[in-house]
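*Asks:* Okay, here's the structure, questions in a sec.
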Amino acid sequence: MISYGPVAIVRGMEASGRFLVDLTAGVVAAGAGGYLARLARLTPVLGYLVAGVVIGPFTPGVTADVGSLNGLGELGLILLVFSLGLGFAPSELRRVGVAPILVNVGAMAAIGVASYYVAQLFGVRDAFTAALIVPLSSTAIGVALLDVLGLRARFPGQLTVALLIAQDLFAVALLVLAGTPPDRLTPLGLLWPLVGSIVFVGVAIVLGATVLHRLVKAAVSRAPAELLIPTFTALALVAGWLGHRVGLSYEFGAFVAGAVISEAAGSRTAQAVIGPFRELFVMLFFVALGMALDVRAVLAAWPAVLALGAILIGVRFVVWTGAMRVLKFGWGAAIGLALALVPLGEFNMVLANAAQSAGRIDAREFSGVIGATFLSILVASIASPLWRRPMERMERPTDTSPHVEHGGADADVLLIGYGRTGRSIASMLREAHLDVAVIERDESLLARAESDGLAAIVGDGTDPLTVDAMISAKTTLVISTVPDSKANAELARRMQHRHLRALVRAERQEDVAMLLDAGAVDAIVPESEGALGLGETALRQLGVDDGVIAGYVVRERSRLREATR
């Protein structure tokens with residue numbers, strides 16, 4: 001029988017109070033560290049790690065209990081890998097092509113082999129485990145550094161993000177190896193986790209194509225925006241728990257759940273919705289990592305730690321620069337992309353944690369992995385902004401640094417995207433004396449919209465909270481120029497349930513029917529409309545009557561629509 005007497009209540013209150021103190025210390029320290037890192041133009045992750053070191057048990061002063069934050073950090077990690085799974089789009093990898101994926105695999109293999117011999121040189125007990133942990137790059141930090149370098153919106157940056165996503169997929173497979181104890185590291189010992197992984201993925205694919213797709217679609221189209229966070233968080237946690245129940249990791253289950261619905265209607269919305277919620281717990285994850293760093297042990301062996309970190313960073317930088325040169329990028333972009341791929345991060349820590357739990361590395365070696373991660377993030381964070389100006393002279397990239405700031409506007413039309421297409425639409429709407437509000441990710445395009453006299457905010461037009469913030473009682477039409485048919489289908493469904501009209505852009509002619517079925521009043525393929533415009537101009541130049549041309553255009557547009565149904 002469970003007792004709820006006064007003593008138990010007092011102990012529970014004491015434990016709760018201690019937890020709140022630790023949580024407060026972690027959040028305050030992380031906030032301060034992240035802010036100082038931003039002031040120094042470094043990635044906030046570096047500030048979170050330093051904050052963890054400061055409040056950790058190995059440094060004097062305020063000391064928080066790492067156990068209190070580990071659970072929240074684990075939650076952040078589950079949400080992070082769930083988001084990475086949502087970003088795992090097989091179609092994107094298919095578009096990248098076979099050659100970059102093979103170069104990616106070759107680079108990771110080269111880093112793994114080099115790490116094996118470096119680990120042997122420094123007397124690491126299990127060099128094979130080091131070869132599993134080190135080759136991966138941090139997706140979260142890599143994407144942030146691509147923003148710093150101004151490469152994320154360009155093709156080199158988009159390709160690199162796809163390669164990082166492919167690495168995440170490899171990491172999920174490596175979890176099976178890293179989490180297997182040494183005495184079971186045999187073909188027979190690996191059989192059960194491999195079979196379990198295959199069965200789990202197979203069942204997840206079936207459920208994803210049926211139940212999960214319908215669940216996500218219903219949630220996105222019908223659920224109030226404020227209920228989407230608990231819905232998607234519960235989905236990630238349940239998937240992680242199911243993965244754990246079949247002998248795999250929580251992270252494996254969460255990633256697979258995100259991956260199987262990555263191309264379903266609602267996946268983009270799920271990413272946008274859980275983003276801010278996830279960031280808090282990811283912050284605590286990196287704080288907990290910093291707390292686990294034994295500063296005294298590192299200082300006692302600082303020459304070896306520094307040498308090991310420098311060698312690994314140098315190897316990673318050289319290999320990734322060479323890989324990008326193989327992919328035909330210029331030296332400026334190749335070096336910039338290599339800097340973004342140098343840092344270790346979330347999945348390296350997942351693998352290291354799994355290896356430590358399996359008894360394949362000890363606490364000292366785990367601290368070494370944290371130290372190498374810290375050093376790689378520090379070096380890349382300092383070098384990336386310094387390299388941007390030389391790279392701009394060599395490559396001339398365009399900058400885009402999206403962030404969200406909610407606002408409101410009393411407008412007839414909400415326009416998502418203010419590129420060339422969006423700006424032309426806004427110009428025509430204003431000539432008709434209609435008020436237009438704009439949501440735009442790119443700050444330079446946002447500045448253009450504001451200079452044109454429009455109410456505008458920086459934000460993600462696939463985020464329902466951002467869209468809701470800009471819709472007023474006066475708004476009757478929402479126009480999306482975002483080249484993402486699935487995201488636009490999600491938008492159309494939500495607007496239909498709010499009794500608003502949605503006019504959206506289709507990536508391909510084949511997507512038009514799907515968008516119309518989702519509730520869009522119309523879906524336009526810019527390339528098709530451009531072809532119709534060219535044909536119309538050609539006929540006019542050949543002396544065909546305008547009335548006849550109009551009939552041709554109407555019939556051709558109808559033919560294109562019918563051909564895709």
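*Asks:* Just give me the residues in segment 40-80 being of a type in the set (D, E) and either under 15 Å from M283 (Cβ atoms) or at pLDDT 75 or above (or both), in sequence order. Please lay out each step first, then the result.
*Replies:* So in segment 40-80, the residues of a type in the set (D, E) come out as 65, 74.
E74, the sole residue that qualifies.
*Asks:* Can you tell me which condition A523 does not meet? The list is (1) buried (at least 17 other Cβ atoms within 10 Å of the Cβ); (2) in a helix (DSSP H, G or I), and all the others hold.
*Replies:* The failed condition is (2).
*Asks:* Still on this structure: Which condition number does A140 fail, the rest of (1) under 20 Å from the mean Cα position of the chain (by Cα); (2) modelled with pLDDT under 70 being met?
*Replies:* Exception for A140: condition (2).
*Asks:* Here is a further query. Would you be able to tell me the number of residues in segment 131-145 that are under 13 Å from A338 (Cα atoms), of a type in the set (A, V, I, L, M, F, W, C) and in a helix (DSSP H, G or I)?
*Replies:* So the answer is 3.
*Asks:* Right, another one. I'm checking my understanding of the structure. Among residues of segment 425-469 that are charged (D, E, K, R) and part of a helix (DSSP H, G or I), which one is least open to solvent (accessible area, probe 1.4 Å)? Spell out how you get there, then give the answer.
*Replies:* So in segment 425-469, the residues charged (D, E, K, R) come out as 430-431, 435, 440-443, 448, 450, 452, 460, 463, 468.
From the residues that got through so far, the ones that are part of a helix (DSSP H, G or I) too are 430-431, 443, 448, 450, 468.
Values: R430: 107, E431: 142, E443: 74, R448: 91, E450: 98, D468: 44 Å².
Step by step, filter segment 425-469, then rank; the result is D468.
*Asks:* Follow-up question, since we're still on this one. Going by the conditions given, is F170 under 30 Å from P343 (Cβ atoms), modelled with pLDDT of 75 or more and open to solvent by less than 20 Å² (accessible area, probe 1.4 Å)? Step through it out loud before you land on a result.
*Replies:* Values: under 30 Å from P343 (Cβ atoms): yes; modelled with pLDDT of 75 or more: yes; open to solvent by less than 20 Å² (accessible area, probe 1.4 Å): no.
So F170 does not fit the description; no.
*Asks:* Okay, moving on. With the requirement that a residue be outside any helix (DSSP H, G or I) and among the β-branched types (V, I, T), what does segment 359-378 give you?
*Replies:* Start the filter on segment 359-378 by keeping residues that are outside any helix (DSSP H, G or I), which leaves 359-362.
Hit for segment 359-378 is I361, nothing else.
*Asks:* Out of curiosity, is A502 assigned to a helix (DSSP H, G or I) and aliphatic (A, V, I, L, M)? Show your work before the answer.
*Replies:* On the way: assigned to a helix (DSSP H, G or I): no; aliphatic (A, V, I, L, M): yes.
So A502 does not fit the description; no.
*Asks:* Where the second residue is exposed (fewer than 14 other Cβ atoms within 10 Å of the Cβ) and modelled with pLDDT of 80 or more and the first is of a type outside the set (D, E) and lies in segment 290-312, which pairs have Cβ atoms under 9 Å and are six or more apart or on separate chains?
*Replies:* L308/L121; I311/L121
*Asks:* Does A473 fit the bill of being aliphatic (A, V, I, L, M), at pLDDT below 85, open to solvent by 20 Å² or more (accessible area, probe 1.4 Å) and closer than 12 Å to V438 by Cα?
*Replies:* Numbers: aliphatic (A, V, I, L, M): yes; at pLDDT below 85: yes; open to solvent by 20 Å² or more (accessible area, probe 1.4 Å): yes; closer than 12 Å to V438 by Cα: no.
For A473, the condition - aliphatic (A, V, I, L, M), at pLDDT below 85, open to solvent by 20 Å² or more (accessible area, probe 1.4 Å) and closer than 12 Å to V438 by Cα - is not met.
*Asks:* List every residue pair whose Cβ atoms sit under 8 Å apart, with the two residues 6 or more apart in sequence or on different chains, where the first one lies in segment 509-536 and is in contact (Cβ under 8 Å) with a residue 12 or more places away in the chain and on the phi > 0 side of the Ramachandran plot and the second, anywhere, is of a type in the set (S, T, N, Q) and open to solvent by 60 Å² or more (accessible area, probe 1.4 Å).
*Replies:* If the second residue must be of a type in the set (S, T, N, Q) and open to solvent by 60 Å² or more (accessible area, probe 1.4 Å), the pairs left are G519/Q496.
*Asks:* Restricting to segment 180-215, name every residue that is at pLDDT 75 or above and open to solvent by less than 20 Å² (accessible area, probe 1.4 Å).
*Replies:* Once the filter is applied, which keeps residues that are at pLDDT 75 or above and open to solvent by less than 20 Å² (accessible area, probe 1.4 Å), segment 180-215 yields only A204.
*Asks:* Being in contact with a Ser or Thr (Cβ under 7 Å, 6 or more places away or on another chain), open to solvent by 10 Å² or more (accessible area, probe 1.4 Å) and not acidic (D, E) is the filter here, so list the residues in segment 136-157 that pass it.
*Replies:* If the condition is that a residue be in contact with a Ser or Thr (Cβ under 7 Å, 6 or more places away or on another chain), open to solvent by 10 Å² or more (accessible area, probe 1.4 Å) and not acidic (D, E), then A144, V148, R152, A153, R154 are the ones that fit.
*Asks:* Just the residues that are under 21 Å from T466 (Cβ atoms), surrounded by fewer than 18 Cβ atoms within 10 Å (Cβ to Cβ) and of a type in the set (A, V, I, L, M), please, taken from segment 219-242.
*Replies:* Matches in segment 219-242: A223, A225, L227, I229.
*Asks:* Give the residue, chosen from G422, G417, that is open to solvent by less than 40 Å² (accessible area, probe 1.4 Å), more than 30 Å from L227 (Cβ to Cβ) and in contact with a helix residue (DSSP H, G or I) (Cβ under 9 Å, 6 or more places away or on another chain). Write out each step before concluding.
*Replies:* Values: G417 fails: more than 30 Å from L227 (Cβ to Cβ).
Only one candidate qualifies: G422.
*Asks:* Could you check segment 81-118 and list, in sequence order, the residues that are at pLDDT 70 or above, open to solvent by 50 Å² or more (accessible area, probe 1.4 Å) and under 29 Å from F285 (Cβ atoms)?
*Replies:* The answer is V105, A109, Y116.
*Asks:* Being of a type in the set (S, T, N, Q) and in a helix (DSSP H, G or I) is the filter here, so list the residues in segment 470-499 that pass it. First the steps, then the outcome.
*Replies:* Filtering segment 470-499 for residues of a type in the set (S, T, N, Q) gives 472, 475-476, 480-481, 485, 488, 496.
Hits for segment 470-499 are S485, N488, Q496.
*Asks:* List the number of the failed condition for H433; all other conditions in (1) in contact with a Lys or Arg (Cβ under 6 Å, 6 or more places away or on another chain); (2) on the phi > 0 side of the Ramachandran plot hold.
*Replies:* Among (1) in contact with a Lys or Arg (Cβ under 6 Å, 6 or more places away or on another chain); (2) on the phi > 0 side of the Ramachandran plot, the lone unmet condition for H433 is (1).
*Asks:* I'd like the residue in segment 526-547 that is open to solvent by 70 Å² or more (accessible area, probe 1.4 Å) and part of a loop (DSSP other than H, G, I, E, B) and, out of all such residues, is farthest from R494 (Cα to Cα).
*Replies:* Per the stated criteria, the residue is L542.
*Asks:* Name the residues in segment 354-383 that are out of contact with any Leu (no Cβ under 9 Å at 6 or more places or on another chain), on the phi < 0 side of the Ramachandran plot and open to solvent by 30 Å² or more (accessible area, probe 1.4 Å), would you?
*Replies:* Q356, S357, D362, A363, R364
The values are calculated or read from the model by the stated rules, or taken from the named source; none is laboratory data. What you see is a predicted model; the values in this text were computed from it and never measured. Note that we place each Cβ from the backbone using ideal geometry, even for glycine, and neighbour counts take in every protein chain shown. Quick note on the areas: whole protein, heavy atoms, side chains included, nothing else; ligands and nucleic acids left out. Shrake-Rupley method; radii C 1.70, N 1.55, O 1.52, S 1.80 Å.
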